[in-house]
Number of protein chains: 6
Amino acid sequence: MNATTVALLKRVSTATLTTQLFKRGLRNVFMQGVRPLGGLAENLVGPAYTLRNIPAREDIDRVEGFANPEHPQRKAVENAPAGHVMVIDCRGDPRVASAGEILATRLMVRGAAGLVSDGGLRDSASIAAMAMPVFCSGPSAPLNLVQHHAVDINVPIACGGVAVYPGDMIVGDADGVVVVPAHLADEIAVEGAAQEEMEAFLLTRIQQGATLPGTYPPNEATRAAYAAWKAGRS
Amino acid sequence: MNATTVALLKRVSTATLTTQLFKRGLRNVFMQGVRPLGGLAENLVGPAYTLRNIPAREDIDRVEGFANPEHPQRKAVENAPAGHVMVIDCRGDPRVASAGEILATRLMVRGAAGLVSDGGLRDSASIAAMAMPVFCSGPSAPLNLVQHHAVDINVPIACGGVAVYPGDMIVGDADGVVVVPAHLADEIAVEGAAQEEMEAFLLTRIQQGATLPGTYPPNEATRAAYAAWKAGRS
Amino acid sequence: MNATTVALLKRVSTATLTTQLFKRGLRNVFMQGVRPLGGLAENLVGPAYTLRNIPAREDIDRVEGFANPEHPQRKAVENAPAGHVMVIDCRGDPRVASAGEILATRLMVRGAAGLVSDGGLRDSASIAAMAMPVFCSGPSAPLNLVQHHAVDINVPIACGGVAVYPGDMIVGDADGVVVVPAHLADEIAVEGAAQEEMEAFLLTRIQQGATLPGTYPPNEATRAAYAAWKAGRS
Amino acid sequence: MNATTVALLKRVSTATLTTQLFKRGLRNVFMQGVRPLGGLAENLVGPAYTLRNIPAREDIDRVEGFANPEHPQRKAVENAPAGHVMVIDCRGDPRVASAGEILATRLMVRGAAGLVSDGGLRDSASIAAMAMPVFCSGPSAPLNLVQHHAVDINVPIACGGVAVYPGDMIVGDADGVVVVPAHLADEIAVEGAAQEEMEAFLLTRIQQGATLPGTYPPNEATRAAYAAWKAGRS
Amino acid sequence: MNATTVALLKRVSTATLTTQLFKRGLRNVFMQGVRPLGGLAENLVGPAYTLRNIPAREDIDRVEGFANPEHPQRKAVENAPAGHVMVIDCRGDPRVASAGEILATRLMVRGAAGLVSDGGLRDSASIAAMAMPVFCSGPSAPLNLVQHHAVDINVPIACGGVAVYPGDMIVGDADGVVVVPAHLADEIAVEGAAQEEMEAFLLTRIQQGATLPGTYPPNEATRAAYAAWKAGRS
Amino acid sequence: MNATTVALLKRVSTATLTTQLFKRGLRNVFMQGVRPLGGLAENLVGPAYTLRNIPAREDIDRVEGFANPEHPQRKAVENAPAGHVMVIDCRGDPRVASAGEILATRLMVRGAAGLVSDGGLRDSASIAAMAMPVFCSGPSAPLNLVQHHAVDINVPIACGGVAVYPGDMIVGDADGVVVVPAHLADEIAVEGAAQEEMEAFLLTRIQQGATLPGTYPPNEATRAAYAAWKAGRS
């Protein structure tokens, strides 16, 4: 985990990241149906630590199973490395919770960067008020056992229709969650930040009445003006 | 309607209630696609008083019909007992409103505990600001007659994919709405409140750094600590 | 664009408008799956100026295309008449953005009355904070090129499952967006405002304890009382 | 049940019936997601006899309940009048069966005109081979108790998104199932048969190379030719 | 329209075509939810001639409108060039018919290569028995006016979620319909036919017990064997 | 793999198996959206051998990858044990193929009992004509790489919304596919066959005019008659 990359990604929007990934041929990088639970003080940023669920079976998935410290859901929470984002594959099923306040709190206390699920979360009002950024399909009260059997930790999964490999960089803001392949994270953080800096300049011009042609995307003259402005700032 | 049960359920979360019902073999108790309209000062709690809709037919479902005091939608609002929750079966169709501000106001003035629909509601901003808790599939402007024909009052219905029998205890919070079968309401209110009390204790431990194993679910030692803490409080 | 009509529609709810249109035989006038992004200071009101998208094709829809001032998305933003509402047909696909902060800002600077899309919008937090009312299927980060090819400007389109002809009057509030056919706008604005005035009176009665029968809809006596109250006010 | 009407409707297509109903202002008359199970020797025709289901609850809906002759599903089959069509409201849920071979056989032996469900059917291969026309959402093995609680017999229901009142005339062919309101059945049978007779003539003309303009819909000359042809046949 | 290309595409599967297009970077070329109505004697092949629908509006879309020879649906059928495939954009809505037997017959008599719609078709049994290949979302009885307003002829459209530009080569078989961009049709017909010829050889080997490794995809030895076999055939 | 169990399950319907599993508390055992491709000479029966897919990523999932004998899709086909059923988790996505004719043929040649996928299959006409029973979400031409990355072999998966553990007994007929947990297969095969034998007797009675009460479910007298009939047959 590159600290500079994490710092840069804290202020690059998911919109910018999808554009950067699109330019590199990656079109399916944004989780569908996954949104923030509560407001966000800053971007969610961190490498993915994953949990995979399959459908529950009544004879296997019983409340008693949680007492086993090897239960994958509990074990995953207990082992997610600090600074990582726990990403849960719920097959996009919003009908039940994938976790609740106590597990989310344990994750936060252990230093996780955040929690992302394409299923629901219970105790949503409490979790929304926590400092740790959390994304899911929405509030849902029923316990995970109604639909889910936690089966694997830190394997490649699907979440929100996107492939998530352990270690991929997860970034979330008010628009939602983007998965940046691990090997592209450093490069995209730098170029994404540069794109945003220029777009802030372009936005100012647009606010001042500039037309789209010539400004967005910028033509030679606008690029030169941006370069001059940027030089003047430093 | 047991006043103690109502009082207890005012402070038990729907998450806890689904767990209690799961332990009793009931897995399909949480309304899907039904969420609060506006913030909630406290839980919605009350026995169900139901209204059933079928699809509208253009020659039957005309605006003139509302002048008939026997129109089931209007009659249901006018007859819902105080303290009860009006629950409307809209076949989960979010495209039109099942009621609006005037009907919701009449319900509130008559002392209803709340309103739950698996269809939309119009005048959503006004209703969201009312003191009475209201849950629905979301805001939707079109009048009910575009899709619905109100046909029956206080019969068993479907709402949000859950069976609702008249008199079942309806409980709603920020996560959504749970249907507690009438014969289980008293028992579950007591056990749910007990579960929540213990989980508040466990959450404190987790916040202080306790690990999940041993704490959630609690082992013997944690249970003993909880018993001691509880004894110390009284 | 009739200024009186626009002024009236600023204070008529979409709920009322759907009822007025229903009485004239128009049942499919409310956009499904389209909701406000952020709070609304007042109703969105203005004639429709449309943009049509078809699915993207990888060899055609490339980032370089935006440099062409004839690119329909950019051209539409640059040409939407002041006071008009830009309405974008995204085939109801919420997976990607149909626009972002810079385009929305340009629209606002040029005097557009608002923006409506049945697709997503990126930079949603920034757009939600803008003064111009904006409606869409929700936040979505990916750029439009992942799914959309902008192809036509100001032709009849579908948006949220409703036909939108250029010049139709678009009205949006917290419940969502209604399309009023151009030739009905003046008439419906007047009758809608009258309906709302009377319903405000009826609501007061309901708040004071009046029963639905006789009040909503009003019988002769209530209508007379309303007429008297109205006369007394002027 | 008018025998002439039934006889006419045996040879009028559901396409023609929806046109006749559209001309009378009825637009939502065709069941969505309901299709024939197996080939059809002739149209399904008969008045509706309905069964309503709500979601199952584990403590109520147990296999033992079928032994009770008052169980609504079994009672409905045992009481459906000869010549009637049993129509089952499954809330459009295709996940489980609403009946199987034994119940369908009992219906057939008792003289029912057919069976229509907007849920699934089990033993689908056997039922498809029966002489009685059957329509459903498709094959599905699980027993009804997994999702359904049969609750009411011969009340107004929804089926395939359409209102079905007991006694409405149900007509099904390869395209699907249309619900003809009871009071319109006689009139529409006559006019539908007349429309079909003329369209058979028009189709012959089209097959011979006639252009659409003038033929479909027919102009004065074509109407006259049809009248002459028809006169010549009698 | 290149006759050799059409002849080649008559015997290349849509599976092969999607692979050829994938190799050229085109991933969204297969219509979703569109399937053959009846058996196919041979592939559907021909350039696209398009019709665009938007949602119906009750005051505009009336049965009387069909008498106007300029009605776009009727005009499109009357003007589709021989050898072309009429492709109808119904916004993927399966609820109503986009055409019926008479229009399909007129298309066939005029020499159209086929008909593709992402909406329904009425008179499905008759159309399924016609010689012309027809693809749609499935049978549906209601007339188009319930949901559709035909608005444009031969403009770029969406069909089954794929962009269709007039002149694109449409190919359909039992798997469904592929859209081949016009400029790639000749090249892909040749390479697709070559791929199929080799895969027929590989399939024989697999049927004889060859392992996947080395055979599918073929290694050097298998490619040499194929070349020898092919040389031996000519 | 118990040969007697396999033989029994060849003639027990999936309807009967879901009832047997329901009686044992298992309610979610039937794959949704998975149906036979082509007719079935006999039931599909065999233990599950699984393949798991996650969403594709453009830089990883390229055609060249198939040349690697370790590619999980190819490796799974090459290693599925004789008599087993290959079950593929496609996250229920019908948009692309999970396999085609060559892979299905290789599976058949190697002695697999069948193929089940909750995704599509290409070359569907050819596969439908094969002797091996195959089930999927339907025909779909695009190659798997458009949406899928094969990642794991013989791990627990989801298929059609049901948990499938390697070794679970898979049974398919015209109604669809049931997953019988491995430890219940022998017992359920015996009891299911017994249930079917009795139901065949009950069906004969119903065909002869017996009423449902007393026959289905059978009362004491009917059970005695069945016992006598059965004794008489042996």
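The values are calculated or read from the model by the stated rules, or taken from the named source; none is laboratory data. From a predicted model like this one, the values you see are computed outputs, not experimental measurements. So basically every Cβ, Gly included, is an ideal-geometry build from the backbone, and we count neighbours across all protein chains shown. Just so you know, the surface numbers come from the protein's heavy atoms only, side chains and all, with ligands and any DNA or RNA stripped out. Shrake-Rupley method; radii C 1.70, N 1.55, O 1.52, S 1.80 Å.
A few notes on this one:
- Surface accessible to a 1.4 Å probe, D:Glu220 within the full protein complex, Å²: 150
- Chain A, helix-only ellipticity at 222 nm - DSSP H runs n ≥ 4, -39,500 (n - 2.57), divided by all residues, nearest 500: -10000 deg cm²/dmol
- Spacing of the two label points (7 Å from each Cα toward its C-beta) at A:Asp186 and F:Val63, in nm: 3.4
- Highest average first, the peptides D:113-122, B:142-151 ordered by how many other beta carbon atoms sit within 10 Å of their residues are D:113-122, B:142-151.
- Ranking C:Ser126, C:Gly138, C:Gln20 by Cα position along the charge dipole of chain C, where only Lys, Arg, Asp and Glu carry charges on their C-beta atoms, puts C:Gln20 farthest toward the positive end.
- Rounded to the nearest 20, the Cβ-based charge dipole of the protein assembly as shown about its Cα centre (Lys and Arg +1, Asp and Glu -1) stands at 0 debye.
- Taking a ≥ b ≥ c as the square roots of the eigenvalues of the Cα gyration tensor, an a/c ratio of 1.5 or more together with a/b no larger than b/c marks region E:111-163 as oblate.
- Cβ-defined net charge surrounding B:Ala82, 14 Å radius [Lys, Arg +1; Asp, Glu -1]: +1
- Averaged over the residues of peptide F:211-222, the number of Cβ atoms from other protein chains lying within 10 Å of each residue's Cβ is 4.
- Residues in region C:90-118 reached by a label modelled at C:Ala131 [backbone nitrogen below 19 Å; 7 Å Cα→Cβ]: C:101-116
- In region F:3-181, the DSSP beta bridges split such that about 60 percent are antiparallel, to the nearest 5.
- Those residues of region C:11-27 for which accessible area with every protein chain present is at least 30 Å² below the isolated value (1.4 Å probe): C:Ala15, C:Thr18, C:Thr19, C:Phe22, C:Leu26, C:Arg27
- Here the contact order of region C:69-173, divided by its residue count and restricted to Cα pairs under 8 Å and six or more residues apart, works out to 29 percent.
- Cα-based reach from A:Lys75 at 19 Å (exclusive), listing aspartates and glutamates while leaving out same-chain residues under 8 positions away: A:Asp61, A:Glu64, A:Asp89, A:Glu101, A:Asp152
- Charge sum, other residues only, whose C-beta stays under 13 Å from A:Val109's C-beta, Lys/Arg counted +1 and Asp/Glu -1: +1
- Here's how it looks for C:Leu26: its modeled amide H is under 5 Å from none belonging to a residue 5 or more places away or on a different chain.
- Computed FRET value (nearest 0.05) for D:His71 with E:His71, which takes r as the C-beta separation and R₀ as 60 Å: 0.65
- Chains F and D together, accessible area buried on both sides, 1.4 angstrom probe, square angstrom: 2200
- Amide H contacts under 5 Å for F:Gly46: F:Ile170, restricted to partners 5 or more places along the chain or on a different chain, H placed in the peptide plane at 1.01 Å from N.
- Vicinal HN-Hα couplings computed from phi for region E:4-21 (Karplus, 6.51 cos²θ - 1.76 cosθ + 1.60; Hz; Gly/Pro x): 5, 4, 4, 4, 5, 5, 4, 10, 9, 6, 5, 4, 4, 5, 5, 5, 4, 6
- Within the accessible area of region A:188-233, the carbon and sulfur atoms contribute 54%, probe 1.4 Å, all protein chains present.
- Region D:76-187 - percent of accessible surface contributed by carbon and sulfur, probe 1.4 Å: 53
- Per-residue Karplus couplings for region A:122-134, computed as 6.51 cos²θ - 1.76 cosθ + 1.60 with θ equal to phi - 60°, are listed in order as 9, 6, 5, 5, 5, 5, 4, 8, 6, 6, 6, x, 9 Hz, Gly and Pro entered as x.
- Excluding same-chain neighbours fewer than eight residues apart, the lysines reachable from F:Lys10 by a Cα-Cα span under 27 Å are F:Lys23, F:Lys230.
- Prolate/oblate/rounded call for region D:1-47, Cα gyration tensor, a/c under 1.5 rounded: oblate
- Euclidean distance between Cα centres, region C:112-188 to region F:40-70, Å: 42
- Where chain F is the region considered: accessible area per residue in Å², 1.4 Å probe: 35
- Mean separation of Cα contacts under 8 Å, 6 or more apart, over the residue count of region B:100-234: relative contact order %: 13
- Relative contact order, percent, region F:3-181 [alpha-carbon distance under 8 Å, six or more residues apart]: 35
- Averaged over the residues of peptide D:145-154, the number of Cβ atoms from other protein chains lying within 10 Å of each residue's Cβ is 3.
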